[in-house]
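Below is one structure; the comments refer to it alone.
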Amino acid sequence: MKRADMLLIAVILIAALAFLVPRYLSGNEEKGEQGKELVANVTVDGKHYRTIKLTKEEQTIDIRTERGYNILKVHDYGVEMYDADCPDKVCLGFGFITLPKQTIVCLPHRVLVEIASGAGEDEIDGFVQ
């Protein structure tokens with residue numbers, strides 16, 4: 001390897017660390033992102049069904065309607081759709097969500113799971129002058 005190759009590798013590694021280290025250091029605290037307490041609002045057929053506090057402990061929530069069932073799994077300050085009896089199983093593909101405004105949707109059962117801050121107030125996403 002030439003000296004220029006070593007220098008290029010060093011610059012790339014430093015640039016990568018400059019982007020990764022701040023993300024690692026500012027990771028989620030115990031009460032969700034940036035110390036906020038997060039909840040998941042579950043809506044079935046357009047009506048509020050339940051509010052779930054997102055905790056580190058594992059809990060399972062069954063949602064049973066005339067259209068079928070969905071099982072939510074809450075753990076590590078997030079939520080995921082664990083099981084459903086809908087024919088397409090698209091809702092299982094949303095994965096594990098942990099941030100406010102993220103959603104899981106099951107259209108055949110008309111179930112919506114959305115994460116919100118526990119304070120109940122919307123925050124400003126951005127400001128333009």
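FYI, it's all coordinate maths here, none of it is from the lab. Please read all numbers here as calculations on a predicted model, not as lab measurements. Here the Cβ is made from the backbone with ideal geometry for all residues, glycine too, and neighbour counts use every protein chain on show.
A few points about this structure:
- Value of relative contact order over segment 33-117, rounded to a whole percent, pairs C-alpha under 8 Å and six or more apart: 29
- Relative packing of peptides 46-52, 10-16 - highest average C-beta neighbours within 10 Å first: 46-52, 10-16
- Taken along the Cα-to-beta-carbon direction at a fixed 7 Å, the label points for V11 and K53 span 5.3 nm.
- Segment 44-114: proportion of alpha-carbon pairs further apart than 13 angstrom, %: 61
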